[in-house]
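K.L.:
The structure follows.
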Number of protein chains: 2
Amino acid sequence: MPEKVTITTVAKHARVSRQTVSNVLNAPHIVREETRRRVQEAIAALGYRTNQAARQMRTGRSRLIATRIEPTRDGINGSVLDRFLHGLTETGETAGYRTMLFTAADAEREIAVYDDLLASYDLDGFVLTGTDHGDPRTTWLAERGVPFVTFGRPWDDLDAHCWVDVDGAAGTAQATRHLLASGHRRIGWIGWPAGSGVGDDRRAGWHDTLRAAGVDPAGLARETVDGIPHGERCAGELLALATPPTALLCASDSLALGALKAACASEPPVPVIGFDDTPVAAAVGLTSVSQPLGEAAARCVDLLTAVLDGPHRTPGPVLLQPTLVRRRSA
Amino acid sequence: MPEKVTITTVAKHARVSRQTVSNVLNAPHIVREETRRRVQEAIAALGYRTNQAARQMRTGRSRLIATRIEPTRDGINGSVLDRFLHGLTETGETAGYRTMLFTAADAEREIAVYDDLLASYDLDGFVLTGTDHGDPRTTWLAERGVPFVTFGRPWDDLDAHCWVDVDGAAGTAQATRHLLASGHRRIGWIGWPAGSGVGDDRRAGWHDTLRAAGVDPAGLARETVDGIPHGERCAGELLALATPPTALLCASDSLALGALKAACASEPPVPVIGFDDTPVAAAVGLTSVSQPLGEAAARCVDLLTAVLDGPHRTPGPVLLQPTLVRRRSA
DNA sequence: AGGCACGATTGGAACGTTCAAGTTGCTGGA
DNA sequence: TCCAGCAACTTGAACGTTCCAATCGTGCCT
């Protein structure tokens, strides 16, 4: 059984004091070249690693960030956050932070978890996903001065806190332009009920681009909650119009997948474009707007570490551009 | 700004000593009823929470478990582990453990991360996924007496350590019986190259069930690496045989999805069954063998906490039964 | 030579908790 | 009456680290 290696073990081995070892680790520049080398050799030879718990007790910093993992839902849209999570863990590691997970049924209970994690584990920061109008979580955190970044804009006040987001409107605009370029004029929209930041944003991209092209979007949109059957139903409604749309654009891959069923049935098949480029889209050949999730996660870590390690100044927001991934469906 | 609430704050407030507060938390039975109540009221009133870092320094226990999150790959099979992860986090929380994530490129580097996490964060235990023959990770952990559970059998020696798994052979057997009951005799198999524990197990379910039904499986199997195009190619090969199979069973949804393309093209369409019941399968109507991932995760936590909290005795393994989810494809 | 600033290093103290070893005060048996 | 035994509670110490103030040379300026 190997003895526990502490900073004192290293100090003895390198014939210096505790504090000098600590300095080599935390402020190398104040230690003389030769001493530093000797200490570093001892560290390597003994396989020493700083005990985070002890460091944390002194400094109040845990080098831990937390994010919420959603309860398993649909499985299609859920995968978006999962891919984001992968990126978060990966980039966090390279920045010296570990990622901790938690679950919470609603915003209120999520806040309770924040409270717990901060008090029990001294968390350094949080990454929030899926923000919406009047999000209570961000105000709670901001009031207490807890560092955090959101993946998703603060829809009410863009300067409220630091955030990373993907330009949904630009994505749907690009998809709309693609369909316009293919000769389509009447392009239908299947989206979520008005009021959600993300949903309204994506819809705006479609709406404004059609307008700019001189097409009146009136009557070409349907609103529904997310889900494959709802997408199918709405597509059916749109395609049954007197002058039906010749192409469909959807707010999510779930809706698009349902729409695809209805669209393939009609003759000739109506092109469909989805949003999120989920594995399902790739599998069934659905053209979809792809969010750069890996980069989004990386930028979240960048911003968070900037707040944590750097001077106390909130870095500017980041708005990333999505890309259209073309497949058979459009 | 609220003052930091420590055990001493609570002690003063309840007019007892530090240690008594500690006892109320860790060994309530040795504290007099009335005192206990007073302390608990103080805890509630002040919103006290034990500082895990300090506790950990004393006890060497962190109430943290870690698991590896795979780099984003395919997206179809990746989702299986993601769903498992959700369950793990959720059940872990109810047992008082938080989940920490890490990534690692291969087994060797994964071991390096274990070493780091144990030394730096005093991790209580690990949950490993995707075990295979001669897995170096389990031997490393076992040698050091680190508590861990695997989701996946130790294929070489079933008593090597405690594990949770899903009976893959039973799943493919069930699928095979379902196809036999529908009148099929020549049932094709598309799986992975021999040598992987999981792959061989799933194949055995198909093979043995066919044999038991008096059908010779010879020539009805194809081996390939995972992926949609490979599934399609293998299905094409099988369906081009002189006496082709009338139904196809696959080792994964990825393979099945590819097979489905080839199978739908033939007349009449050949039924296809996949494995894992991924969101993609649900979306395209692919019949698939579903693993009880949530329960598997829960049992992993059960076993791990049994080792951690209970007496030092490794609890028996858990083998869960999958179910066949029937959809349009078969 | 004396003083001074500065670079390099050291030792004490503290973070918040639990363990181990006390100290009370009370009950009951010889 | 005395003390063993026990329940209930308290106090000192330790976990491994970093902060802070102090110490020790060493070279430079006057």
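K.L.:
Exactly one of these conditions fails for A:Thr20: (1) over 17 Å from A:Arg58 (Cβ atoms); (2) within 7 Å of DNA strand C (Cβ to nearest atom). Give me its number.
P.N.:
Unmet for A:Thr20, out of (1) over 17 Å from A:Arg58 (Cβ atoms); (2) within 7 Å of DNA strand C (Cβ to nearest atom): (1).
K.L.:
Within the range B:97-151, which residues are in a helix (DSSP H, G or I), touching a helix residue (DSSP H, G or I) at 6+ places or on another chain (Cβ under 8 Å) and closer than 27 Å to A:Gly87 by Cβ?
P.N.:
First, the residues of the range B:97-151 that are in a helix (DSSP H, G or I): B:107-121, B:136-143.
Now drop any that are not touching a helix residue (DSSP H, G or I) at 6+ places or on another chain (Cβ under 8 Å), which leaves B:107-108, B:110-111, B:114, B:120-121, B:136-137, B:140-141.
Selection gives B:Ala107, B:Glu108, B:Glu110, B:Ile111, B:Tyr114, B:Ser120, B:Tyr121, B:Arg137.
K.L.:
Same structure again: Could you figure out which of (1) in a loop (DSSP other than H, G, I, E, B); (2) in contact with an Asp or Glu (Cβ under 7 Å, 6 or more places away or on another chain); (3) modelled with pLDDT under 95; (4) within 9 Å of chain A (Cβ to nearest Cβ) isn't true of B:Gly75?
P.N.:
Every condition holds for B:Gly75 apart from (2).
K.L.:
So the check is Cβ under 8 Å with 6+ separation or different chains; which pairs have a first residue in the range A:1-29 that's within 14 Å of chain B (Cβ to nearest Cβ) and a second one that's within 9 Å of DNA strand C (Cβ to nearest atom) and open to solvent by 100 Å² or more (accessible area, probe 1.4 Å)?
P.N.:
The qualifying pairs are A:Ile7/A:Arg18.
K.L.:
Within the range B:52-99, how many residues are open to solvent by 50 Å² or more (accessible area, probe 1.4 Å) and within 14 Å of DNA strand C (Cβ to nearest atom)?
P.N.:
Matching residues across the range B:52-99 total 6.
K.L.:
The conditions are (1) within 14 Å of another protein chain (Cβ to nearest Cβ); (2) touching a His at 6+ places or on another chain (Cβ under 9 Å), and B:Thr287 fails exactly one of them. Which is it?
P.N.:
(1)
K.L.:
Would you confirm, using the coordinates I've provided, whether B:Leu101 is among the hydrophobic types (A, V, I, L, M, F, W, C) and under 21 Å from A:Tyr48 (Cβ atoms)? Break it down into steps so the answer makes sense when it comes.
P.N.:
On the way: among the hydrophobic types (A, V, I, L, M, F, W, C): yes; under 21 Å from A:Tyr48 (Cβ atoms): no.
In short, no.
K.L.:
Residue under question is A:Gly92, and the condition is that it be on the phi > 0 side of the Ramachandran plot and in the same structural domain as A:Phe126 (by TED's automatic domain parsing); does it hold? Walk me through how you get there before you give the answer.
P.N.:
Working: on the phi > 0 side of the Ramachandran plot: no; in the same structural domain as A:Phe126 (by TED's automatic domain parsing): yes.
No: the conditions fail for A:Gly92.
K.L.:
In the list A:Arg61, A:Arg49, which residue meets the criterion of being at pLDDT 95 or above and within 14 Å of another protein chain (Cβ to nearest Cβ)?
P.N.:
Working: A:Arg61 fails: at pLDDT 95 or above.
The match here is A:Arg49.
K.L.:
Do you know which of the residues in the range B:153-181 that are modelled with pLDDT of 95 or more and among the small types (Gly, Ala, Ser) is most open to solvent (accessible area, probe 1.4 Å)?
P.N.:
The residue in question is B:Ala181.
K.L.:
Go through (1) part of a loop (DSSP other than H, G, I, E, B); (2) touching a residue at least 40 places away in the same chain (Cβ under 8 Å) one by one and return the number of the condition A:Ala160 breaks.
P.N.:
(2)
K.L.:
Right, something else. Taking the condition within 16 Å of DNA strand C (Cβ to nearest atom) and facing another protein chain (nearest Cβ under 10 Å), does B:Arg36 pass?
P.N.:
So B:Arg36 fails the test.
K.L.:
Only one of B:Arg18, B:Arg32 is surrounded by fewer than 18 Cβ atoms within 10 Å (Cβ to Cβ) and within 24 Å of A:Arg55 (Cβ to Cβ). Can you tell me which?
P.N.:
Numbers: B:Arg32 fails: within 24 Å of A:Arg55 (Cβ to Cβ).
Result of the check over B:Arg18, B:Arg32: B:Arg18.
K.L.:
Regarding the range B:181-193, can at least one residue be identified that is among the aliphatic types (A, V, I, L, M) and not assigned by TED's automatic domain parsing to the domain that holds B:Ala221?
P.N.:
Kept after step one, since they are among the aliphatic types (A, V, I, L, M), are these residues of the range B:181-193: B:181, B:187, B:190.
Filter once more, keeping what is not assigned by TED's automatic domain parsing to the domain that holds B:Ala221: none.
No: zero hits.
K.L.:
Also: Mind checking whether some residue in the range B:142-150 is open to solvent by less than 20 Å² (accessible area, probe 1.4 Å) and hydroxyl-bearing (Ser, Thr, Tyr)?
P.N.:
Within the range B:142-150, one or more residues are open to solvent by less than 20 Å² (accessible area, probe 1.4 Å) and hydroxyl-bearing (Ser, Thr, Tyr).
The values are calculated or read from the model by the stated rules, or taken from the named source; none is laboratory data. Since the model is a prediction, treat every value here as computed from it, not as a measurement. Please note: Cβ atoms are built from the backbone with ideal geometry, for glycine as well, and neighbour counts cover all protein chains shown. These area figures cover heavy atoms from the full protein model, side chains too; ligands, DNA and RNA do not enter into them. Shrake-Rupley method; radii C 1.70, N 1.55, O 1.52, S 1.80 Å.
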